[in-house]
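Working notes for the structure below.
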Amino acid sequence: MEPLKKIFPFMCAAILASCGPSAAALPTTRAISLTIAFTPAVQPIIPALQTCASFQEQVHLNLVETPSQALDLTTSDLAFHLGEPAELPKFAAPLVWDRIVVVLHPDNPVKQLSHGQVRDLISGRARQWGKGAVSEVQPWVPTAESDYRAAFQQAVMAGSLESPAALLAPNPAGMLRAVAADPNAIGYLPRAWVTDEVKVIDLNVPILVLALAAEEPEGPARILLACLQSAIGQAALSDHYMLLADE
């Protein structure tokens, strides 16, 4: 983690310095398609991507939702990922912070949980919400392809295995629907996905949204990324995320 933290500020500064008004004013004489890959966990960044793309009139975004393990940076101009991938590519830059939060059904009376209590509930060591409870807890977990599952396991599960009775949510939208429909459910999501359909328990598990590329971006892709890191892009991203300076 430490080398990555050191390289991020340099990358951000380099991008922004080279993408000032002169770069943004580069003439575009033909339509350009940028292939943008993103994992399901970072789908909420799409409005900000579209806002920044609108400043380059001839640029069209080809948005491709791709599971984390299937990301191929050689076939995309930029990719967006929640947290560090298993192998860090040549280019990685932070955009904003998200948080992984525990979600419960809104009728669940529980108001707070410790890391240990969540670990016991997800692992199946605790099977009921409390003394006198009749119904058993139903854990929901993301699929192995999820980019935020590994971060949650490291920060919260601490080596504990998930319950054999845990059900798999195919994506964040599926997790949201499942927990919202079951009063006994517990799951976890990126905070950017949360709605008032569920109750949130914040365990303080921050995670970066990263922009990835096989090589340092150039041309329209570089300008798009610079916009996302600018005041305009950060304002658009702040609808769902925490800004880098706020964490």
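For log10 I(q)/I(0) by the Debye sum over Cα atoms at q = 0.08, 0.11 Å⁻¹, several values are listed as (1) -0.34, -0.61; (2) -0.61, -0.83; (3) -0.42, -0.71; flag the one computed from this structure.
(1)
Which ³J(HN,Hα) values in Hz, rounded to whole numbers, follow from the phi angles of the stretch 70-86 under the Karplus curve 6.51 cos²θ - 1.76 cosθ + 1.60, where θ = phi - 60° and Gly and Pro get x?
Along the stretch 70-86, the couplings run 9, 4, 10, 5, 6, 10, 10, 7, 8, 9, 10, 9, 8, x, 6, x, 4 Hz.
With both partners inside the stretch 98-206, how many of the DSSP beta bridges are antiparallel, as a percent to the nearest 5?
65 percent
Can you compute the helix-only [θ] at 222 nm over the chain? Use -39500 (n - 2.57) per DSSP H run of at least 4 residues, normalise by all residues, nearest 500 deg cm²/dmol.
Estimated from H runs of four or more residues: -8000 deg cm²/dmol.
How large is ³J(HN,Hα) for each residue in the stretch 183-193, as worked out from phi by the Karplus curve 6.51 cos²θ - 1.76 cosθ + 1.60 (θ = phi - 60°), to whole Hz, x for Gly and Pro?
x, 9, 7, 9, x, 8, 8, x, 4, 4, 8
Counting only DSSP beta bridges with both residues in the chain, what percent are antiparallel, rounded to the nearest 5?
Percent antiparallel among DSSP bridges in the chain is about 60.
As I understand it, the dipole of the chain uses +1 on the Cβ of Lys and Arg and -1 on the Cβ of Asp and Glu, about the Cα centre. Which of PRO142, ILE46, LEU63 lies farthest toward its positive end?
It is PRO142, whose Cα lies furthest towards the positive end.
Which distance in Å, rounded to a whole number, links the C-alpha centroids of the stretch 176-240 and the stretch 111-162?
22 Å
The numbers here are math on the coordinates, done by the rules we state, and not lab data. Everything numeric in this text was worked out from a predicted model, so none of it was measured. FYI the Cβ positions are ideal-geometry reconstructions off the backbone, even for glycines, and counts take in every protein chain you see.
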